[in-house]
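Below is one structure, written out as structure tokens, with a few remarks after it.
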């Protein structure tokens, strides 16, 4: 085999792609279709709650194209980090969509499902900190409602060797789905992983960038080539090399399961008007103990929010002291009754969304205020939010001229329940030996004429 | 004084996992990028001053010549989604860099 071609339809399963791009990708006869479905980016809620951050209808739409095309062409379809976070409930959700499509279209194929859910009972006292995340403790493990481990390419390679045409996996290292079939075909691990690293975000690495368009990768003996499939986009050395930086702490040393992808000697060369050739990426296996990354989330409480705006210049000039006074009033009103809560005021127009306090220099003409209460029960979150809102509405701040009410509310009711709040509880490494484990064991099933056997 | 805004194709911020924020500056011009790096215009101390954070939170400032890029990575003020969060994805923390001024 002189080259191995991989079609990456979209940056995240459910983000969509133009049908014409996908069809152009299939015309180029890929050897595999692969997609990454997950990320920790949308925050801890999705891992904690077991829900997907992508919509079922949107994921089904993408998978209808991918599944039917893969079966028609007789090539593998690989899905990593199913359901967004890759816990068993996410995996089951994605498997259910595949089942539905297979039944509707009467498809036949061999499927592998790979779990990445970690039973807290198998976690020993040997977790390793992944700084700057905190040192993992036994309490963090016990508090976690869902724990997943990030698998590398090996479970996908195993599933393909076992005859699976469709592989649906829980939490996976993003490049793994793209690299696994190419490594099975004998191609270089470093180049395969680096190609996967870029393909996992699909057309984000092209210009103009897009998370909802396809990208095509061709792996050869000593390089890989990336090309767009939409005539309005192209890969340039800048767009591709810049993507190497994206969401990474260090652009040249990218640690992953089993080793580090070293891009120190990587070069980028414009091949055609729309394609870029990448050379020199190396995989350096870990010496000694190998590790896998664990991610866990815990329940923190329940959230209620209220939204309003204010345009009074006196109020805006004093907003920080007003907020503090309202917080004090809430605390004293419920002292001894409700003490366990979190109350925050996000002031938009005055650093509401910024971690940096120096970015607003002139007083804004209008501010938006989000009042947020989080408490161990919905009832207490409602109480704190409601009381903070009514207190702020009528608070008699110094110098006030507008005495009828301090806030403009766009909605009635003014307060909204945000549901359960989760936080990341584990982000660390666990010792793991690929060859001596039942973790990530592919479960093989047959689908015959749309029936899952 | 040169304004960073005028010299770059891209300035962006984003989470690098839930515990770090990373900032990418992609210059338009290779010579200007080289001068910016050689003169050490961006250092952990400069970045910390610009953002009003403690210098110990700045983990690295790395030049990446293939993309004419300088990457700054800092420890997130809180884990993504923790109580008090302002920007879950960390994608809107770039604006102080836009008004950064310097001489080469």
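In the list A:64, A:24, which residue meets the criterion of being touching a helix residue (DSSP H, G or I) at 6+ places or on another chain (Cβ under 6 Å), more than 16 Å from residue A:86 (Cβ to Cβ) and at pLDDT 95 or above?
On the way: A:24 fails: touching a helix residue (DSSP H, G or I) at 6+ places or on another chain (Cβ under 6 Å).
Answer to the check: A:64.
Based on what the data block shows, is residue B:84 surrounded by fewer than 18 Cβ atoms within 10 Å (Cβ to Cβ), over 14 Å from the mean Cα position of the chain (by Cα) and facing chain A (nearest Cβ under 7 Å)?
Details: surrounded by fewer than 18 Cβ atoms within 10 Å (Cβ to Cβ): yes; over 14 Å from the mean Cα position of the chain (by Cα): yes; facing chain A (nearest Cβ under 7 Å): yes.
Spelling it out, residue B:84 is indeed surrounded by fewer than 18 Cβ atoms within 10 Å (Cβ to Cβ), over 14 Å from the mean Cα position of the chain (by Cα) and facing chain A (nearest Cβ under 7 Å).
So if I check each of A:141, A:148, which one is surrounded by 20 or more Cβ atoms within 10 Å (Cβ to Cβ) and assigned to a strand (DSSP E or B)? Working first, answer last.
Numbers: A:141 fails: assigned to a strand (DSSP E or B).
Sole residue among the options that is surrounded by 20 or more Cβ atoms within 10 Å (Cβ to Cβ) and assigned to a strand (DSSP E or B): A:148.
Report, ordered by the first and then the second residue, all pairs with beta carbons closer than 6 Å, sequence separation of six or more or different chains, a first member in region A:229-246 that is facing chain B (nearest Cβ under 9 Å) and assigned to a helix (DSSP H, G or I), and a second member that is at pLDDT below 90 and buried (at least 24 other Cβ atoms within 10 Å of the Cβ).
Going by the 6 Å Cβ cut-off, the qualifying pairs are A:241/B:67; A:242/B:67.
Considering only region A:392-420, state which residues are touching a helix residue (DSSP H, G or I) at 6+ places or on another chain (Cβ under 7 Å) and more than 15 Å from residue A:318 (Cβ to Cβ). Steps first, answer last, please.
Filtering region A:392-420 for residues touching a helix residue (DSSP H, G or I) at 6+ places or on another chain (Cβ under 7 Å) gives A:392, A:395, A:397, A:399-401, A:405-407, A:414-415, A:417, A:420.
Hits for region A:392-420 are A:405, A:414, A:415, A:417, A:420.
Answer with yes or no whether residue A:249 is in a helix (DSSP H, G or I), touching a strand residue (DSSP E or B) at 6+ places or on another chain (Cβ under 8 Å) and either closer than 24 Å to residue A:2 by Cα or within 11 Å of another protein chain (Cβ to nearest Cβ) (or both).
no
Across region A:31-50, what is the number of residues that are away from chain B (no Cβ under 14 Å) and either without any contact (Cβ under 8 Å) to a residue 40 or more places away in the chain or surrounded by fewer than 23 Cβ atoms within 10 Å (Cβ to Cβ) (or both)?
As a first pass, look at region A:31-50 and keep what is away from chain B (no Cβ under 14 Å): A:31-37, A:50.
Add one more test, that the residue is either without any contact (Cβ under 8 Å) to a residue 40 or more places away in the chain or surrounded by fewer than 23 Cβ atoms within 10 Å (Cβ to Cβ) (or both), and what stays is A:31, A:50.
Of the residues in that region, 2 qualify.
Identify the residue in region B:87-98 that is out of contact with any helix residue (DSSP H, G or I) (no Cβ under 7 Å at 6 or more places or on another chain) and more than 19 Å from residue A:39 (Cα to Cα) and, among all such residues, is surrounded by the most Cβ atoms within 10 Å (Cβ to Cβ).
Just the residues of region B:87-98 that are out of contact with any helix residue (DSSP H, G or I) (no Cβ under 7 Å at 6 or more places or on another chain), to begin with: B:87-95.
With the extra rule that they be more than 19 Å from residue A:39 (Cα to Cα), the set shrinks to B:93-95.
Values: B:93: 26, B:94: 20, B:95: 15.
Among them, the one singled out is B:93.
Looking only at region A:399-428, count every residue that is part of a loop (DSSP other than H, G, I, E, B) and surrounded by 11 or more Cβ atoms within 10 Å (Cβ to Cβ) and tell me the total. If you could, list the steps in order and put the result at the bottom.
Of all residues in region A:399-428, those part of a loop (DSSP other than H, G, I, E, B) come to A:399-407, A:409-414.
After this cut, where a residue has to be surrounded by 11 or more Cβ atoms within 10 Å (Cβ to Cβ) as well, the list is A:400, A:402, A:405-407, A:409, A:414.
Qualifying residue count for the region: 7.
Quick one: in region A:331-349, which of the residues that are touching a strand residue (DSSP E or B) at 6+ places or on another chain (Cβ under 6 Å) and not in a strand (DSSP E or B) is farthest from residue B:82 (Cα to Cα)?
A:349
Taking the conditions exactly as written (touching a strand residue (DSSP E or B) at 6+ places or on another chain (Cβ under 7 Å) and either surrounded by fewer than 22 Cβ atoms within 10 Å (Cβ to Cβ) or more than 20 Å from residue A:249 (Cβ to Cβ) (or both)), does residue A:169 satisfy them or not? Even if it seems obvious, please write down each step before you answer.
Numbers: touching a strand residue (DSSP E or B) at 6+ places or on another chain (Cβ under 7 Å): yes; either surrounded by fewer than 22 Cβ atoms within 10 Å (Cβ to Cβ) or more than 20 Å from residue A:249 (Cβ to Cβ) (or both): yes.
Answer is yes for this residue.
Which condition number in (1) surrounded by 24 or more Cβ atoms within 10 Å (Cβ to Cβ); (2) more than 22 Å from the chain's Cα centre (by Cα); (3) in a helix (DSSP H, G or I) is the one that residue A:190 fails?
Status for residue A:190: all satisfied but (1).
Just give me the residues in region B:70-95 being at pLDDT below 95 and not in a loop (DSSP other than H, G, I, E, B), in sequence order.
B:95
For region A:101-111, state whether one or more residues are surrounded by 15 or more Cβ atoms within 10 Å (Cβ to Cβ), out of contact with any strand residue (DSSP E or B) (no Cβ under 8 Å at 6 or more places or on another chain) and at pLDDT 95 or above.
Scanning region A:101-111 turns up at least one residue that is surrounded by 15 or more Cβ atoms within 10 Å (Cβ to Cβ), out of contact with any strand residue (DSSP E or B) (no Cβ under 8 Å at 6 or more places or on another chain) and at pLDDT 95 or above.
So which of B:24, B:9 is over 12 Å from the mean Cα position of the chain (by Cα) and part of a strand (DSSP E or B)? Write out each step before concluding.
Working: B:24 fails: over 12 Å from the mean Cα position of the chain (by Cα).
After ruling out the rest, the residue left standing is B:9.
Take residue A:132 and tell me if it is assigned to a loop (DSSP other than H, G, I, E, B), in contact with a strand residue (DSSP E or B) (Cβ under 7 Å, 6 or more places away or on another chain) and surrounded by 14 or more Cβ atoms within 10 Å (Cβ to Cβ). Let's see the steps before the verdict.
On the way: assigned to a loop (DSSP other than H, G, I, E, B): yes; in contact with a strand residue (DSSP E or B) (Cβ under 7 Å, 6 or more places away or on another chain): yes; surrounded by 14 or more Cβ atoms within 10 Å (Cβ to Cβ): yes.
For residue A:132, the condition - assigned to a loop (DSSP other than H, G, I, E, B), in contact with a strand residue (DSSP E or B) (Cβ under 7 Å, 6 or more places away or on another chain) and surrounded by 14 or more Cβ atoms within 10 Å (Cβ to Cβ) - is met.
Here is a check on your reading of the model: is residue B:25 over 25 Å from residue A:350 (Cβ atoms), more than 7 Å from chain A (Cβ to nearest Cβ) and surrounded by 15 or more Cβ atoms within 10 Å (Cβ to Cβ)? Don't jump to the end; show me each part of the working.
Details: over 25 Å from residue A:350 (Cβ atoms): yes; more than 7 Å from chain A (Cβ to nearest Cβ): yes; surrounded by 15 or more Cβ atoms within 10 Å (Cβ to Cβ): yes.
Against the criterion (over 25 Å from residue A:350 (Cβ atoms), more than 7 Å from chain A (Cβ to nearest Cβ) and surrounded by 15 or more Cβ atoms within 10 Å (Cβ to Cβ)), residue B:25 qualifies.
Check B:3, B:40 and return the single one that is more than 9 Å from every other protein chain (Cβ to nearest Cβ) and free of Cβ contacts under 8 Å to residues at least 40 places away in the same chain. Steps first, please.
Numbers: B:3 fails: free of Cβ contacts under 8 Å to residues at least 40 places away in the same chain.
Residue meeting the stated conditions: B:40.
Here is a yes/no grid of residues against (1) under 30 Å from residue A:293 (Cα atoms); (2) in a helix (DSSP H, G or I); (3) without any contact (Cβ under 8 Å) to a residue 12 or more places away in the chain; (4) over 28 Å from the mean Cα position of the chain (by Cα):
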residue	(1), (2), (3), (4)
A:362	no, no, yes, yes
A:365	no, no, no, yes
A:372	no, no, no, no
A:387	no, yes, no, yes
A:397	no, no, no, yes
A:430	yes, no, no, no
A:446	no, no, no, yes
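So which of B:64, B:33 ends up being over 29 Å from residue A:39 (Cβ atoms), buried (at least 19 other Cβ atoms within 10 Å of the Cβ) and over 12 Å from the mean Cα position of the chain (by Cα)? It would help to see each step written out before you state the result.
Numbers: B:64 fails: over 29 Å from residue A:39 (Cβ atoms).
Being over 29 Å from residue A:39 (Cβ atoms), buried (at least 19 other Cβ atoms within 10 Å of the Cβ) and over 12 Å from the mean Cα position of the chain (by Cα) holds for just one of B:64, B:33, which is B:33.
From the list B:83, B:57, which residue is farther than 19 Å from residue A:250 by Cα and in contact with a strand residue (DSSP E or B) (Cβ under 8 Å, 6 or more places away or on another chain)?
Working: B:57 fails: farther than 19 Å from residue A:250 by Cα.
Going through B:83, B:57 in turn, just one is farther than 19 Å from residue A:250 by Cα and in contact with a strand residue (DSSP E or B) (Cβ under 8 Å, 6 or more places away or on another chain): B:83.
The values are calculated or read from the model by the stated rules, or taken from the named source; none is laboratory data. Note that this is a predicted model, so its numbers are computed, not measured. Every residue, glycine as well, gets a Cβ built from its backbone with ideal geometry; the counts of neighbours run over all protein chains shown.
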